[in-house]
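*Asks:* The structure follows.
The values are calculated or read from the model by the stated rules, or taken from the named source; none is laboratory data. Here the structure is a predicted model, which means the values were calculated and not measured. Positions of Cβ are generated from backbone atoms using ideal geometry, with glycine treated the same way; all protein chains shown enter the neighbour counts. Just so you know, the surface numbers come from the protein's heavy atoms only, side chains and all, with ligands and any DNA or RNA stripped out. Shrake-Rupley method; radii C 1.70, N 1.55, O 1.52, S 1.80 Å.
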Amino acid sequence: MNDFVNYLNSTNNVGGDSTGSLAEKQVKSRYYDFIKVDRKLGRYITDCVQNGHHQAYILTGHAGDGKTSVLVQTLKEQGRLPAGEGLSIEKEFDDFYYVKDMSEIPEEKQTAALERAMRAPSNGKTSLLISNTGPLLKVFEKIIQNNWALEGRPFSKEDRIRVQSKLLAQLDTNKDGELELEGFRFVLVNIARVDNVPFATRIMEKILAQELWQPCSDCSCAERCPIKNNRDLVQKQFDRVSRFVESFYRYLYESDKRMTIRQMVGQISYALTGNLTCQCIADHHLREPLFMYHFANLFFGFQGLKKARDAVQIQGIQQIQDLALDRIALDVDYRLFVSHDYACFPSAVQAELTNLTQRDRKHYQITDEASLAGEGHHQSELLFRRAVRRFYLLFSLAESAADTEGILNQIFGPSYTDYQKLISAKQPKMMLTKLRNDVFDALYIKNTGALPHKKSELPLTLRRKDDVFQSVMIVLGQVGKTAMNVLQVKSQNRFEDADEKYRLVLRVKERDFPLSLPMITYFNNLLNGAISSNNNPALTHGIAQLDALLLEQFGSKAADLDEGCELALLINTTRGQDITYFSIEGNRLTIQ
């Protein structure tokens, strides 16, 4: 029996025991030190204590983002948290003071705790206070109001808004310098704004460590155990599996659906164990265990061909099922579903899928899944195809890095891997120039309904709201292609855990506009002739902001057709698009 399996099962919220998902419980577990991943923020705080460069740190963020883990890391690096010992609600040492969670302190004592944390550097201590955003704002307001009352100064509604705005602006931008507020100096970190996607690979590495799975080697159930099979197969194909898993979390992050570290751990652990226990496997001969409880199926929330009961309670599984990635047609579909060629899989997966195909499936010579969906007796074949795709996405043996990139681009959008490279490492200027040209061409199509055909000026047109392009459109301004540049801006936040992190921006007249993955995918779809409904609110808002920026910088200043005003019209002709200028002088209309 391997007790580590029970620990993994306790880290998600599908089963009855989810205590392992709570940081307070994890700290006391003997497995905590094996799977914990240290963060740069924890290292900085420890350095402050050890070097005597004391600062006050306030840490906020979502539940499961690892706030408590940062405190635990700091205490362990200071040698102040022995194995098996839990955390106090607050505790003070000679050179360090911490508050585990300000919400756990009685409300009437929260003001004193925050003030003690703020004044710690002047008392020769570093402090770390963890708090949710709401209580933090409330207590800060109370402290300032009390201080002003002692000075006989009123604290107005406008003052409250100013204090809130300054704190919220820091939580939004997450600058890593000290913030000064009413005489207090402190570092305020919103850990929800720190990119945590690289943690997925590091978490998997630690969970798969050989020493944690040693008891499985001598187990009498090893040959039929789906948990051991999952662990061994993922270990053998770690690079391939981790690339897909991290890409999935990156896609969610860039789509404003960020996963917390706790949610990542929950999905990965469930994909390994399916919430099975060693005792259950020993007492029951499970039907098709290596397929029903395979990592590829469980990561998507499936047991075999059917959705696993309650698996969508795991946020990552809910997201991956909403995306329906296993329904997306792939270039390899004919090979998999008509030729039934499974040579792209490891031998163990080949054997499993071949046996299932020969035993239970007819060899339907149908490539169009819409045809399968319309026939009731073909439903099992349709479900089987989706399962094979799940195996392919996670465990196919790509012949090269380009093959892997091709798979990811089919799933997450044709520009996904380029975007991933651009935010992860410095890229050649040629790559940025190509992206600039693609953005220009896509904006031209969006604004005019036609390809630019070597034009170097982007018309800013006044269009109907339903995006139906008229034969004649008013031109509000024009943007030269050379006035636009795509740049990589290196993140200067010292608390980012990624070794190298860049923001991708479109620079227009020294103004930087962030280019997100959904926006670049949208532009790419326009170039490929796809019709988009823009039903993503964040995407629609971003495009509107870009339109507003371009109009602000390059739009015509004329508000109406006053005397001497020039009006530009874009006219679609059989020869292409022409811009004609009209001017009114007296009673005469002049066409240029």
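*Asks:* With Glu399, Glu352 as the choices, which residue is at pLDDT below 80, open to solvent by 10 Å² or more (accessible area, probe 1.4 Å) and closer than 27 Å to Lys236 by Cα? Give the derivation first.
*Replies:* Working: Glu352 fails: at pLDDT below 80.
Selected residue: Glu399, the only one of Glu399, Glu352 that is at pLDDT below 80, open to solvent by 10 Å² or more (accessible area, probe 1.4 Å) and closer than 27 Å to Lys236 by Cα.
*Asks:* Something else: Filter segment 470-486 down to residues that are surrounded by fewer than 18 Cβ atoms within 10 Å (Cβ to Cβ) and in contact with a Lys or Arg (Cβ under 6 Å, 6 or more places away or on another chain), then give me how many there are.
*Replies:* Count: 1.
*Asks:* Still on this structure, please answer the following. Might you let me know whether segment 156-177 holds any residue that is of a type in the set (Asp, Glu) and under 33 Å from the mean Cα position of the chain (by Cα)? Give the steps one after another, and end with the answer.
*Replies:* Here is the first cut: in segment 156-177, the residues of a type in the set (Asp, Glu) are 158-159, 172, 176.
Filter once more, keeping what is under 33 Å from the mean Cα position of the chain (by Cα): 172, 176.
Yes, there is a match, as at least one residue in segment 156-177 is of a type in the set (Asp, Glu) and under 33 Å from the mean Cα position of the chain (by Cα).
*Asks:* Could I ask something else about it? Based on what the data block shows, is Asp283 surrounded by fewer than 18 Cβ atoms within 10 Å (Cβ to Cβ), farther than 21 Å from Phe395 by Cβ and at pLDDT 95 or above?
*Replies:* On the way: surrounded by fewer than 18 Cβ atoms within 10 Å (Cβ to Cβ): yes; farther than 21 Å from Phe395 by Cβ: yes; at pLDDT 95 or above: no.
No; evaluated as a whole, the condition is false for this residue.
*Asks:* Among the residues of segment 428-439, is any at positive phi and either modelled with pLDDT of 90 or more or open to solvent by less than 50 Å² (accessible area, probe 1.4 Å) (or both)?
*Replies:* Checking segment 428-439: not a single residue is at positive phi and either modelled with pLDDT of 90 or more or open to solvent by less than 50 Å² (accessible area, probe 1.4 Å) (or both).
*Asks:* May I ask you to list the residues in segment 322-337 that are open to solvent by less than 20 Å² (accessible area, probe 1.4 Å) and over 29 Å from the mean Cα position of the chain (by Cα)?
*Replies:* Leu336, Phe337
*Asks:* Look through Glu151, Glu178 and report the one residue that is at negative phi and modelled with pLDDT of 90 or more. First the steps, then the outcome.
*Replies:* Working: Glu151 fails: modelled with pLDDT of 90 or more.
The unique qualifying residue is Glu178.
*Asks:* Right, next: For the subset of segment 163-177 comprising residues that are of a type outside the set (S, T, N, Q) and surrounded by 13 or more Cβ atoms within 10 Å (Cβ to Cβ), which member is nearest to Arg39 (Cα to Cα)?
*Replies:* From segment 163-177, those of a type outside the set (S, T, N, Q) are 163, 166-169, 171-172, 175-177; that's our starting set.
Then drop every residue that is not surrounded by 13 or more Cβ atoms within 10 Å (Cβ to Cβ), which leaves 163, 166-168, 171, 175-176.
Values: Val163: 30, Lys166: 26, Leu167: 23, Leu168: 24, Leu171: 19, Lys175: 17, Asp176: 15 Å.
Step by step, filter segment 163-177, then rank; the result is Asp176.
*Asks:* Give the number of residues within segment 108-132 that are in contact with a Gly (Cβ under 9 Å, 6 or more places away or on another chain) and either of a type in the set (Lys, Arg) or open to solvent by 40 Å² or more (accessible area, probe 1.4 Å) (or both).
*Replies:* 1
*Asks:* In contact with a strand residue (DSSP E or B) (Cβ under 9 Å, 6 or more places away or on another chain), touching a residue at least 12 places away in the same chain (Cβ under 8 Å) and open to solvent by less than 20 Å² (accessible area, probe 1.4 Å): is that true of Asn230 in this structure? Working first, answer last.
*Replies:* On the way: in contact with a strand residue (DSSP E or B) (Cβ under 9 Å, 6 or more places away or on another chain): no; touching a residue at least 12 places away in the same chain (Cβ under 8 Å): yes; open to solvent by less than 20 Å² (accessible area, probe 1.4 Å): yes.
Considered against the rule, which asks whether it is in contact with a strand residue (DSSP E or B) (Cβ under 9 Å, 6 or more places away or on another chain), touching a residue at least 12 places away in the same chain (Cβ under 8 Å) and open to solvent by less than 20 Å² (accessible area, probe 1.4 Å), Asn230 comes out as no.
*Asks:* What tally of residues in segment 286-298 results from selecting those that are out of contact with any Leu (no Cβ under 7 Å at 6 or more places or on another chain) and at pLDDT 95 or above?
*Replies:* Initial filter on segment 286-298 (out of contact with any Leu (no Cβ under 7 Å at 6 or more places or on another chain)): 286-290, 294, 297-298.
Narrowing further to those that are at pLDDT 95 or above: 294, 297-298.
Residues in segment 286-298 being out of contact with any Leu (no Cβ under 7 Å at 6 or more places or on another chain) and at pLDDT 95 or above: 3 in total.
*Asks:* Further question on the same structure: Picking from Gly79, Gly84, which residue would you name as being of a type in the set (Gly, Ala, Ser), out of contact with any Ser or Thr (no Cβ under 9 Å at 6 or more places or on another chain) and open to solvent by 30 Å² or more (accessible area, probe 1.4 Å)? Write out each step before concluding.
*Replies:* Numbers: Gly84 fails: out of contact with any Ser or Thr (no Cβ under 9 Å at 6 or more places or on another chain).
Gly79 is the lone residue from the list that is of a type in the set (Gly, Ala, Ser), out of contact with any Ser or Thr (no Cβ under 9 Å at 6 or more places or on another chain) and open to solvent by 30 Å² or more (accessible area, probe 1.4 Å).
*Asks:* Looking at segment 491-505, can you tell me whether even one residue there is over 30 Å from Ile45 (Cβ atoms) and surrounded by fewer than 15 Cβ atoms within 10 Å (Cβ to Cβ)? Break it down stepwise before answering.
*Replies:* Step one: of segment 491-505, the residues over 30 Å from Ile45 (Cβ atoms) are 504-505.
Add one more test, that the residue is surrounded by fewer than 15 Cβ atoms within 10 Å (Cβ to Cβ), and what stays is none.
For segment 491-505, residues over 30 Å from Ile45 (Cβ atoms) and surrounded by fewer than 15 Cβ atoms within 10 Å (Cβ to Cβ): absent.
*Asks:* Right, here's the next one. Testing Ile105 on (1) more than 21 Å from His54 (Cβ to Cβ); (2) open to solvent by 70 Å² or more (accessible area, probe 1.4 Å), one condition comes back false. Which one is that?
*Replies:* Going through the list (1) more than 21 Å from His54 (Cβ to Cβ); (2) open to solvent by 70 Å² or more (accessible area, probe 1.4 Å), Ile105 breaks only (2).
*Asks:* Let me spell it out: the conditions are (1) assigned to a strand (DSSP E or B); (2) more than 30 Å from Asn196 (Cα to Cα); (3) touching a strand residue (DSSP E or B) at 6+ places or on another chain (Cβ under 7 Å); (4) modelled with pLDDT of 75 or more, and Arg503 meets all of them except one. Which number is the exception?
*Replies:* Exception for Arg503: condition (2).
*Asks:* Now for a separate question. Hey, can you tell me all the residues within segment 456-469 that are touching a residue at least 24 places away in the same chain (Cβ under 8 Å) and open to solvent by 50 Å² or more (accessible area, probe 1.4 Å)?
*Replies:* Matches in segment 456-469: Ser456, Glu457, Phe469.
*Asks:* How many residues are more than 23 Å from Glu107 (Cα to Cα), free of Cβ contacts under 8 Å to residues at least 60 places away in the same chain and part of a loop (DSSP other than H, G, I, E, B) if we restrict to segment 155-182?
*Replies:* 1
*Asks:* I need a count of the residues in segment 71-112 that are closer than 24 Å to Asp47 by Cβ and small (Gly, Ala, Ser).
*Replies:* Qualifying residue count for the region: 3.
*Asks:* Checking Ser424 against (1) polar (S, T, N, Q); (2) open to solvent by 30 Å² or more (accessible area, probe 1.4 Å); (3) farther than 30 Å from Ile191 by Cα; (4) at pLDDT 85 or above, which test does it fail?
*Replies:* The failed condition is (3).
*Asks:* How about segment 391-407: which of its residues are in contact with a helix residue (DSSP H, G or I) (Cβ under 7 Å, 6 or more places away or on another chain) and either free of Cβ contacts under 8 Å to residues at least 60 places away in the same chain or farther than 24 Å from Glu352 by Cα (or both)?
*Replies:* Passing the criteria: only Glu405.
Residue-wise test of (1) modelled with pLDDT under 95; (2) open to solvent by less than 50 Å² (accessible area, probe 1.4 Å).
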residue	(1), (2)
Val37	yes, yes
Ala56	no, yes
Phe93	no, yes
Asp101	yes, yes
Leu136	yes, yes
Asn146	yes, no
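*Asks:* If you don't mind, another one. Residues in segment 204-215: is at least one open to solvent by less than 30 Å² (accessible area, probe 1.4 Å) and not hydrophobic (A, V, I, L, M, F, W, C)?
*Replies:* No, that holds for no residue.
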